[in-house]
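Peer 1: For reference, the structure I am asking about is given below.
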Amino acid sequence: MTETKLYYDKDADLSAIDGKTIAIIGYGNQGRSQALNIRDTDCGAKVIVGNIKDESWEQARKDGFEVYTISEACKRADMILLLIPDEAMHEIYQQEIEQHLQKDKVLCFASGYSITYHLIEPPKNVDVILVAPRMGGKEVRELYVSGKGFPSFLAVKQDASGKAKKTALAIAKAIGSTKGNSVLIEVTFEQETLSDLLSEQALCPLIMAAWIAKYEVDVENGVPPEAALLELHLSGEWAEDFKRMAEMGIVKQLPLHSKTSQYGQLTRLNQLLTLEKESPNYNQIKAFVERQAEKIKNGEFAREWSVEQEAGYIMLKKLYEKYANSPMIKKEQETLRMLRQ
Ligand code: NDP
């Protein structure tokens, strides 16, 4: 295994983007926050916005940016930050971006998806980099304003200029990622795609399945559904636990729970991992994760997702309908209304 490359604020030099025009393409979750952060960073770069003519366009104007069509913004820019949804990216790239990618331009992604699956194949004479915050767009701005950073993944796919890494580091610093000495980790586009999609397709479904099972067993044993839901996620206690895991580590935060809780958590985890008789089968859980990883790596998921998009998101709508109308989620919404009274 090669050594992980980590970078911090001292490794990033804003002079790599000084005097450059940076086009933020897509003024949404990430786009707005990154545009505001770069403008507020004293980096000598000019930020312009490229968007379709909609509310986000108006928002960018209100925020004081020069706003252009995507094509015009890409024409004017030295560096293009692609912050539109992954599923829309390749079409927009072909129609409005590709023709403006002359030598020395930089194409910067916040997700590895389009490059990993060859949906976008940039010309060889441009730099292709990735600066992917491990943070939602809203928090990217909030943390910046409060003087804190957030970790990001960095990657270089093409280094036509010989300066691609320096540019990626400078962009990461300008969007506020390295504030508070927060870390940047170098990965490949493919690794970013795998890790991101595997969280969504293996970890989240397993957590949600465990959530549903716990709710059902609570209620089958007479616990009021509202109490079961509070105990799950509605009280916010779990959200606090996850925050502490991020700050202190999974095991180090355990002493903040009661001794009964610590004993219960560790013994049952150990039963699960060592395949004790009455525990669920960990090998099946691991096999499920491995199967999803395989489908991500061999492109099966990407093909499935393209077919779904072309079909007008039929399955996605059906599943939203199914789960929004499931007894647990209906009760969850009722409980939320009750809690807000
Ligand atoms: P958004 O869903 O917020 O959309 C960004 C912008 O793209 C919006 O202005 C949106 O307009 C516009 N847009 C949507 N569809 C089209 C289209 N068909 N043509 C042109 N413009 C369109 O995107 P995110 O900020 O969530 O994601 C941007 C990138 O950042 C993605 O690559 C994503 O994977 C990555 N990323 C996202 C994170 C997140 O927390 N969301 C975290 C890390 C990376 P409108 O507002 O009108 O819909």
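Peer 1: Residues to consider are Ile84, Ile38; find the one that is within 14 Å of the ligand (Cβ to nearest atom) and in contact with a strand residue (DSSP E or B) (Cβ under 9 Å, 6 or more places away or on another chain). Don't jump to the end; show me each part of the working.
Peer 2: Working: Ile38 fails: within 14 Å of the ligand (Cβ to nearest atom).
None of the other options fit; the residue is Ile84.
Peer 1: Take the residues of region 40-50 that are assigned to a loop (DSSP other than H, G, I, E, B) and surrounded by fewer than 20 Cβ atoms within 10 Å (Cβ to Cβ): which is farthest from the chain's Cα centre (by Cα)?
Peer 2: Gly44
Peer 1: If you take the residues of region 51-61 that are surrounded by fewer than 15 Cβ atoms within 10 Å (Cβ to Cβ) and more than 8 Å from the ligand (Cβ to nearest atom), which of them is nearest to Leu82 (Cα to Cα)?
Peer 2: Going through the qualifying residues, I end up with Lys53.
Peer 1: Please work out which residue is surrounded by the most Cβ atoms within 10 Å (Cβ to Cβ), limiting yourself to region 317-341 and to residues that are among the polar types (S, T, N, Q) and over 28 Å from the mean Cα position of the chain (by Cα). Break it down into steps so the answer makes sense when it comes.
Peer 2: Going through region 317-341, the residues among the polar types (S, T, N, Q) turn out to be 325-326, 333, 335, 341.
Add one more test, that the residue is over 28 Å from the mean Cα position of the chain (by Cα), and what stays is 335, 341.
Numbers: Thr335: 18, Gln341: 4.
Only one residue fits best here, namely Thr335.
Peer 1: Let me ask you something else. Let me spell it out: the conditions are (1) surrounded by fewer than 20 Cβ atoms within 10 Å (Cβ to Cβ); (2) within 11 Å of the ligand (Cβ to nearest atom); (3) not in a helix (DSSP H, G or I), and Gly64 meets all of them except one. Which number is the exception?
Peer 2: Going through the list (1) surrounded by fewer than 20 Cβ atoms within 10 Å (Cβ to Cβ); (2) within 11 Å of the ligand (Cβ to nearest atom); (3) not in a helix (DSSP H, G or I), Gly64 breaks only (2).
Peer 1: What do you reckon, is Ile24 assigned by TED's automatic domain parsing to the domain that holds Ser177 and within 12 Å of the ligand (Cβ to nearest atom)?
Peer 2: yes
Peer 1: Confirm whether Asn37 is in the same structural domain as Lys105 (by TED's automatic domain parsing), under 19 Å from the mean Cα position of the chain (by Cα) and crowded, with 16+ Cβ neighbours inside 10 Å.
Peer 2: Answer is yes for this residue.
Peer 1: Report yes if some residue within region 110-121 is within 20 Å of Ala155 (Cβ to Cβ), more than 9 Å from the ligand (Cβ to nearest atom) and not in a loop (DSSP other than H, G, I, E, B); otherwise report no.
Peer 2: Checking region 110-121: at least one residue is within 20 Å of Ala155 (Cβ to Cβ), more than 9 Å from the ligand (Cβ to nearest atom) and not in a loop (DSSP other than H, G, I, E, B).
Peer 1: Here is a further query. Report, by residue number, each residue of region 183-212 that is part of a helix (DSSP H, G or I), touching a residue at least 60 places away in the same chain (Cβ under 8 Å) and hydroxyl-bearing (Ser, Thr, Tyr).
Peer 2: Thr193
Peer 1: Taking region 94-105, which residues are within 16 Å of the ligand (Cβ to nearest atom) and either crowded, with 20+ Cβ neighbours inside 10 Å or modelled with pLDDT under 95 (or both)?
Peer 2: Ile97
The values are calculated or read from the model by the stated rules, or taken from the named source; none is laboratory data. If you're wondering where the values come from, they're calculated on a predicted model, not measured in any experiment. With ideal geometry, Cβ positions are generated from the backbone for all residues, glycine too; neighbour counts draw on all protein chains shown.
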